[in-house]
1. Say a site is exposed when it is one of the GluC sites (Glu not before Pro), sits in a DSSP loop, and has at most 14 other Cβ atoms within 10 Å; what is then the longest site-free stretch of the chain?
2. The range 142-177 to the range 348-376: how many Å between their Cα centroids?
3. Using all Cα-Cα distances in the range 92-145, what percent lands in each 5 angstrom bin from 0 up to the longest?
4. Loop-only check: which trypsin sites (Lys or Arg not before Pro) in the range 43-141 are DSSP coil with at most 14 other Cβ within 10 angstrom?
5. For the range 1-105, what class follows from the C-alpha gyration tensor (a ≥ b ≥ c being the square roots of its eigenvalues): rounded when a/c is under 1.5, otherwise prolate if a/b is larger than b/c, else oblate?
6. Residue by residue through the range 30-37, what is 3J(HN,Hα) from phi via Karplus (6.51 cos²θ - 1.76 cosθ + 1.60, θ = phi - 60°)? Round to whole Hz and write x for glycine and proline.
7. Any chance you could list P(r) for the range 340-417, counting all Cα-Cα pairs in 10 angstrom bins from zero, rounded to whole %?
8. Based on DSSP H runs of at least 4 residues, each adding -39500 (n - 2.57), what is the mean residue ellipticity at 222 nm of the chain after dividing by all its residues, to the nearest 500 deg cm²/dmol?
Amino acid sequence: MKFIDTIKNIWKIEELKNRILVTLGLLLVYRFGAQVVLPGVDAAQLAQLGTQTQDGILGLLNAFTGGAFANASVFALGIMPYISASIVVQLMGIAIPYLQKLQKEGESGRKKINQITRWLTIAITLVQGPGYIYNLFATLPAEAFVIPNQTIFVVSSVIIISTGCVFAMWLGEKITDKGIGNGISLLIMVGIIATLPQSFVQNFISRTSGEGGDIIMVLIELVIWFVIILASVLLVMAVRQIPVQYARRTAGGGYEKNVFGSRQYIPLKLNASGVMPIIFAQAIMFVPGFVAASMSESETAQGVTAAFSDIFGLWYNLVFALLIIVFTYFYTAITVPTNKMADDLKRSGGFIPGIRPGTETADYLDKIMSQITLPGSIFLALIAIFPAIAVKLLDVQQGWALFFGGTSLLIMVGVAIDTMQQVNSYLLNRHYDGLMKTGKNRKAVA
């Protein structure tokens with residue numbers, strides 16, 4: 001079988017094999033840490049915390065951390081503070097000249113930006129950590145805490161939670177450097193996958209229990225689920241091809257007049273930003289509910305808390321969809337350098353038929369990106385809010401509905417595709433002949 005042959009080829013490439021093993025090992029460490037309960041908390045008394053995180057915004061946060069939030073784990077905050085810090089730094093990069101300068105300095109600038117992001121992550125954990133600990137006090141019974149001195153418990157737990165977040169951030173960066181795929185995204189994906197089997201089983205039991213269990217509805221849900229997965233894959237993979245011609249160089253370094261080489265294409269992705277708008281928007285959506293909950297018990301604060309705690313409600317999903325569209329444009333603008341693409345084409349003697357090289361080419365590429373980003377962002381937003389539609393129209397259990405599109409499914413699909421593309425690049429570069437022996441196969445993979 002071709003799949004088995006591919007696995008064998010992967011194992012033959014020493015560097016790729018080592019990277020995969022490093023990735024799996026670090027992910028295993030992360031999942032192990034998610035089960036380690038904070039010192040001073042009785043693990044047998046966590047039932048009420050589990051009930052609190054079954055649905056709503058806390059349920060989604062618990063899914064992102066792979067159950068660590070409900071386990072009162074040392075990784076309770078997961079990697080979300082790092083995501084929040086990344087959002088803040090990228091947004092500040094638009095307005096702060098110093099960060100703009102760093103973005104143009106290449107690798108050295110990127111390292112400095114990463115260092116700023118790390119320090120900001122620590123600051124965020126020191127703010128979110130106490131909030132999480134005081135939520136434990138409000139949720140768990142008094143006998144759940146085995147350290148009598150509350151101050152010692154709070155200070156030590158905040159330090160441990162902050163350290164756990166920094167360690168998770170380090171794991172993600174090590175996976176990116178030494179492993180395969182984007183480490184931060186993989187940590188989030190693994191956490192989400194960890195909750196998928198339990199969610200499906202709970203939904204299955206809910207549908208089939210009692211007299212006349214509705215097994216047909218379970219099958220319909222699975223069909224819809226696979227259709228949404230396919231739509232998500234198409235969204236991530238879809239591209240628009242821009243034709244490019246190249247002039248032939250003469251011996252003197254110029255170009256032959258009216259004679260051009262074979263036509264090539266620039267692939268512009270319908271969703272060039274991948275899953276990052278989803279992650280960014282979801283991180284922002286955690287904020288209003290927590291801020292309103294920490295305010296006075298006013299009628300306005302209670303209304304905001306209710307609106308942004310119900311992840312299947314109208315206002316939550318409306319704001320969520322708008323944020324996804326905005327972040328899609330924002331992230332596409334900073335990751336697709338149309339000016340650089342136009343300059344590279346001009347230097348290599350390439351041009352888009354009917355468009356002058358240079359500024360006009362950059363404007364044309366920017367116009368095309370704007371045109372294809374709009375439907376891509378709307379489609380991305382629709383898939384992201386589909387869990388709310390599944391709950392309201394299909395009466396799907398909320399835990400299982402999170403995987404009907406939404407943040408969870410899009411992250412899983414996007415990260416899985418990115419990781420497989422990296423693996424495929426190794427195979428094409430190192431074992432091209434062994435992987436594809438015929439011209440037909442070569443065309444299918446290229």
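1. Numbers: sites that count: E105, E211, E297.
By the stated rule (loop sites, at most 14 other Cβ atoms within 10 Å), 298-446.
2. Comparing the Cα centres of the range 142-177 and the range 348-376, I get a distance of 49 Å.
3. Each 5 Å bin holds this share of Cα pairs: 4, 17, 16, 14, 10, 9, 8, 7, 7, 6, 2.
4. On the way: sites: K101, K104, R110, K111, K112, R118; in loops: K104.
Here the trypsin sites (Lys or Arg not before Pro) that fit, given the DSSP loop and packing criteria, are K104.
5. Values: a/c = 2.41, a/b = 1.09, b/c = 2.21.
Because a/c hits 1.5 or more and a/b fails to exceed b/c, the range 1-105 counts as oblate.
6. 5, 5, 5, x, 5, 9, 7, 6
7. Going out from 0 Å in 10 Å bins, the range 340-417 shows 18, 28, 19, 18, 13, 5 percent.
8. Working: 20 runs with 317 residues, N = 446.
Result for the chain: -23500 deg cm²/dmol, rounded to the nearest 500.
The values are calculated or read from the model by the stated rules, or taken from the named source; none is laboratory data. From a predicted model like this one, the values you see are computed outputs, not experimental measurements. All Cβ positions, even for glycine, are placed from backbone atoms using ideal geometry, and neighbour counts span all protein chains on display. Accessible surface areas use protein heavy atoms only, side chains included; no ligands, DNA or RNA. Shrake-Rupley method; radii C 1.70, N 1.55, O 1.52, S 1.80 Å.
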